[in-house]
């Protein structure tokens, strides 16, 4: 890892970024508060260099240029790390918007505008029927982006903010926001609470999934009892009902397969009206090594040179035929 990269990651661990506010509030689909805690405490390296983020960074200049073209406004980069004076909030803004009749939006470390710009990219599915993205010209954006905009307004003091979103690489939507001091106050207070409770005290947030819970409590405490409340008992009942439904469905599936598979005999593909509706062929063979037999022989012949050791391994390795697997055509699975 380069020194610049290490410094960047170390800087990110000194506070909560604008996008982190949505995480601690449970508004983010891609990261949980527990994952954020692991990153901020240095227990894991954050994924600030993932493919989606790299593409977003790559596309940022293009979206900014399209925003300028659509609005007639000029934008300017502002690279300085911003830090709130009395809350653990930090951030880098994407762009500042140059005020009408002015030459620049900032000078050195001073912000000379009252409007900033956030840039986003989203896939085409993001604009579907149940999308959180509203029409261009509104302030209807996914909640975790709204909190990010509010964070940048708190950091810059800007009264207005715009968000340019390129959706599906074909639909540019521009959203507008006016500063909401009540929302800012709530976010800053939540940032202080979360930072104090989980970073200063070094206490992990509550797990948000079975995987996170198993990681936190890998073993049980012998003899420890938990007094359940009504909500917990109801969850246990829901799980029992779901397991019963799964078992019933498995029993139905097993009965169908017992009637179906004998009818397929040794066929490779099943055709109906000239269209393949299923296949029933074996997976590729797998190689299996008898490690115990190999170890016993090596104990006797410990002085074998490496080429003969490799040959010995091959001697104790055999190909096991793959099992036949019934695969239904997608049209059938969707029916």
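Quick note: the coordinates plus some simple rules give every number you see, no bench work behind them. From a predicted model like this one, the values you see are computed outputs, not experimental measurements. No Cβ is skipped: glycine too gets one built from the backbone with ideal geometry, and neighbour counts run over all protein chains shown.
Do you know the relative contact order of region 1-84, to the nearest whole percent, from alpha carbon pairs under 8 angstrom that are 6+ apart?
Values: 27 pairs, mean separation 14.3, N = 84.
It comes to 17 percent, rounded to a whole number.
Over region 193-335, what is the mean sequence separation of C-alpha contacts under 8 Å (at least six apart), divided by residue count, expressed as relative contact order in percent? Before the final figure, lay out each step's value.
Details: 87 pairs, mean separation 29.3, N = 143.
Value for region 193-335: 21 percent.
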What is the Cα centroid distance between region 266-283 and region 1-43, reported in whole angstrom? 49 Å
Rg(Cα)/(2.2 N^0.38 Å) for region 54-121, N = residue count: 1.17
Among 31, 288, 201, the residue with the largest mean-square fluctuation in a Gaussian network model of the chain built from Cα contacts under 10 Å is 288
Which length gain, in nm to one decimal place, applies between residue 288 and residue 27 when the Cα-Cα distance is subtracted from 0.36 nm times their residue separation? 89.3 nm
Could you tell me which label, among [x] 19.7; [y] 26.0; [z] 21.0, carries the value of Kirkwood radius over Cα pairs in Å calculated for this structure? [y]
The distance between the Cα centres of region 296-328 and region 76-141, in whole Å, is 60 Å
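222 nm [θ] for the chain, helices only, -39500 (n - 2.57) per DSSP H run of 4+, per residue, to 500? Could the numbers behind the result be given before it?
On the way: 11 runs with 141 residues, N = 335.
Helix contribution divided over all residues of the chain: -13500 deg cm²/dmol.
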Descending semi-axes in Å of region 92-241, equivalent ellipsoid built from Cα gyration tensor: 42, 22, 13
Percent relative contact order of the chain, based on C-alpha pairs within less than 8 angstrom and at least six residues apart? 14 percent
If you build a Gaussian network model of the chain, linking Cα atoms that sit under 10 Å apart, which residue out of 203, 299, 81 swings the most? 299
Fewest-first ranking of 117, 239, using other Cβ atoms within 10 Å as the exposure measure: 239, 117
Using the alpha-carbon atoms, what tilt in degrees (0 to 90, nearest 10) does helix 51-71 show relative to the longest principal axis of the chain? 40 degrees
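Could you list 36, 326 so that the one with the fewest beta carbons within 10 Å of its beta carbon is first and the one with the most is last?
Values: 36 22, 326 13.
Going from sparsest to densest Cβ surroundings: 326, 36.
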Over all directions, what mean area does the Cα convex hull of region 260-335 project, stated in square nanometres? 8.2 nm²
Beta bridges by DSSP in the chain, antiparallel share as percent, to the nearest 5: 75 percent
Per GNM of the chain with C-alpha springs under 10 angstrom, the most fluctuating residue out of 164, 191, 319 is 319
Taking a label point 7 Å from the Cα of residue 83 along Cα-to-Cβ, the residues of region 107-145 whose backbone nitrogen sits under 17 Å from it are 109-110
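Rank the residues 107, 161 as a footprinting-exposure proxy: fewest other Cβ atoms within 10 Å of their Cβ go first.
Values: 107 9, 161 24.
Exposure proxy ranking, most exposed first: 107, 161.
Direction-averaged shadow area of the convex hull around the Cα atoms of region 1-154, nm²?
10.5 nm²
Find the eigenvalues of the gyration tensor of the Cα atoms of region 203-245, then list the square roots of 5 times those eigenvalues as equivalent ellipsoid semi-axes, largest first, in whole angstrom.
On the way: eigenvalues 94, 44, 28 Å².
Those come to 22, 15, 12 Å.
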